[in-house]
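Down below is the structure, laid out as structure tokens.
The values are calculated or read from the model by the stated rules, or taken from the named source; none is laboratory data. Note that the structure is a prediction, hence the values are computed from the model and not measured. Neighbour counts are summed over all protein chains in view; Cβ atoms, including those assigned to glycine, are modelled from backbone coordinates with ideal geometry. These accessible areas exclude ligands, DNA and RNA; they are computed on the full protein's heavy atoms, side chains included. Shrake-Rupley method; radii C 1.70, N 1.55, O 1.52, S 1.80 Å.
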Amino acid sequence: MPLRTSWSEDKCPIARAADVLGDPWSLLVLREVFMGNNRFDGLKKELRVADNVLSERLRRLVAAGVLTAEPYSTGKRPRNEYLLTAAGTDALPVLHVFTVWAQRHTQSTGETLMRIICTTCGTESASGAWCQTCGAELTAATTAWDHPKSSEILIELANAGARLESRH
Ligand SMILES: [Zn+2]
């Protein structure tokens, strides 16, 4: 059941989406989970976020049905890893729209751009929603990122979708 807030049942879908996805930490948590960084300690390290802030954002994303918390054990005590639900996976184009907009209208201290690559044909997408070369819709299963924060040349996003499918 989604968390109820003052915006969660608003008539405007932009307001309802902003209620779930509009927080910067929440968007950056989603970015990390899409890139395979889905455990508390890894998220904390990459985002340099306070424990209580991260816990709260994860709780909200789980309550909103965007992530699920799945227990795993490292031997000491059970902890959670966070997996994208179908609704979470559907948020990929939101991150892509942010990417395209930021590269057009904001400046970075570095030269490196983020590239959204269609894995169906291997070309870069300018829109992040679909591939202008082969026409494929860009989903987690058909998209890779060349991301300035990663040392990998291309980050496959398909794991998020594959892991989700294996659980249903
Ligand atoms: Zn393509």
Subset tally (residues that are touching a residue at least 60 places away in the same chain (Cβ under 8 Å), β-branched (Val, Ile, Thr) and open to solvent by less than 40 Å² (accessible area, probe 1.4 Å)) for the stretch 88-117: 1
Flag for residue 56 being in the same structural domain as residue 31 (by TED's automatic domain parsing) and free of Cβ contacts under 8 Å to residues at least 12 places away in the same chain: yes
Residue within the stretch 1-24 that is surrounded by 14 or more Cβ atoms within 10 Å (Cβ to Cβ) and within 25 Å of residue 151 (Cβ to Cβ) present: no
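Looking at 141, 160, which one is under 25 Å from residue 8 (Cβ atoms), surrounded by 15 or more Cβ atoms within 10 Å (Cβ to Cβ) and either modelled with pLDDT under 95 or of a type outside the set (Gly, Ala, Ser) (or both)?
Numbers: 141 fails: under 25 Å from residue 8 (Cβ atoms).
The match here is 160.
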Verdict on residue 120 being of a type in the set (Val, Ile, Thr), at pLDDT below 85 and open to solvent by 50 Å² or more (accessible area, probe 1.4 Å): no
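Quick check, is residue 50 over 17 Å from the mean Cα position of the chain (by Cα), open to solvent by less than 70 Å² (accessible area, probe 1.4 Å) and without any contact (Cβ under 8 Å) to a residue 60 or more places away in the chain?
Values: over 17 Å from the mean Cα position of the chain (by Cα): yes; open to solvent by less than 70 Å² (accessible area, probe 1.4 Å): yes; without any contact (Cβ under 8 Å) to a residue 60 or more places away in the chain: yes.
The answer is yes for residue 50.
Among the helices (runs of 4 or more DSSP H) contained in the stretch 1-61, which hold 1 or more residues that are out of contact with any Cys (no Cβ under 6 Å at 6 or more places or on another chain) and closer than 18 Å to residue 87 by Cα?
Numbers: elements: 13-21, 24-34, 40-47.
Output list reads 13-21, 24-34.
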